Amino acid sequence: MKKADPIPKKSQTQKDLDKEYSKLVQDMRNESPLCEVKIKGVCTGIMEGLHHLQKRTRKNLCDRNNVIRACNACNSWIEKNPLEAMDLGLSISKHKKQ
């Protein structure tokens, strides 16, 4: 009996999406390396990644209208304070269409 080929860890579609996302992060960092969130008393000032206003999905992962530059401290604050983040426009309910 012939051994089956191993299942790839990532599909080609996912690899392509990861590549597109990496390019988006780099492009946004090149435009400005600063955190856009700027939570007073939390922000470190330097972009370390992207924050998705609406939770990431394959559909909105690379949508520039759904991401802002964020330092890790601000990104963590948003995740830990969802109601306050929504009030500040830093988070959008997954049930609300953009």
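The values are calculated or read from the model by the stated rules, or taken from the named source; none is laboratory data. Quick caveat: nothing in here was measured; it's all calculated off a predicted structure. So basically every Cβ, Gly included, is an ideal-geometry build from the backbone, and we count neighbours across all protein chains shown.
Considered as a group, the residues in the range 53-73 that are at pLDDT 95 or above and of a type in the set (V, I, T) include one that is farthest from R29 (Cα to Cα), and that residue is V67. The condition of being within 14 Å of the chain's Cα centre (by Cα) and over 16 Å from G89 (Cβ atoms) holds for only one of K3, K9, K23, that being K23. Residue count for the range 16-57, restricted to those that are surrounded by 15 or more Cβ atoms within 10 Å (Cβ to Cβ), part of a helix (DSSP H, G or I) and acidic (D, E): 0. For the range 69-98, a residue qualifies if it is of a type in the set (A, V, I, L, M, F, W, C), surrounded by fewer than 19 Cβ atoms within 10 Å (Cβ to Cβ) and either in a helix (DSSP H, G or I) or in contact (Cβ under 8 Å) with a residue 24 or more places away in the chain (or both), and the qualifying residues are A73, L83, M86, I92. The test for being under 13 Å from the mean Cα position of the chain (by Cα) and either closer than 30 Å to E84 by Cα or modelled with pLDDT of 95 or more (or both) does not hold for V42.
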